[in-house]
1. For the residue pair Ile95 and Ala26, what label-to-label distance in nm results when each label sits 7 Å from Cα along the Cα-to-beta-carbon direction?
2. Calculate the spin-label point distance for Ala70 paired with Ala33, positioning each point 7 Å from the Cα along the beta-carbon direction, and give it in nanometres.
3. Quick one: how many lysine pairs does the stretch 46-113 have with C-alpha atoms less than 23 Å apart and a gap of 8 or more or different chains? Give me the count, please.
4. Pull out the extension gain between Ala84 and Lys57, defined as 0.36 nm times the separation in residues minus the alpha carbon to alpha carbon distance; nm, one decimal.
5. What area, in nm² and to one decimal, does the C-alpha convex hull of the stretch 65-110 cast on average over all directions?
Amino acid sequence: MPRRPTGNETWKDASALPEAKEADVATQKQRQAARTNIKKASSAAKSKKSLAHMPAKTKTALGKQGAAVAARKRTGGTTPKTRAELYEEAKRRGIKGRSRMGRAELARHLGHG
């Protein structure tokens, strides 16, 4: 059986080439695994939200939060804490409904001004 053409080859060009060896042919299981991997990668790429695709307002907020964290690390301060840090503290204290709270609400419930 002639091999399939690749790239810019035509069927005529491909048939002029030597036949593929038995070891060069992928098994049905390998082809199925490759198809599955391609589908997974495609799905992940479509659902991934990178910084480039976020609204300008969100990018600004993330930048400000990152700057606040960096400043706190440089100065050794304890405020303002990020939502993630407040959430961890709320988790340790066992505050109910913490996953639905924003940063300000978590800070209020924890008594951080």
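Quick note: the coordinates plus some simple rules give every number you see, no bench work behind them. Quick caveat, the model's predicted, so the values are computed rather than measured. Using ideal geometry, Cβ is built from the backbone for each residue, glycine included, and neighbour counts are taken over all protein chains shown.
1. Placing both labels 7 Å along Cα→Cβ, they lie 5.1 nm apart.
2. Those two pseudo-labels are separated by 4.4 nm.
3. Close lysine pairs found across the stretch 46-113: 17.
4. Length gained between Ala84 and Lys57: 7.8 nm.
5. 3.1
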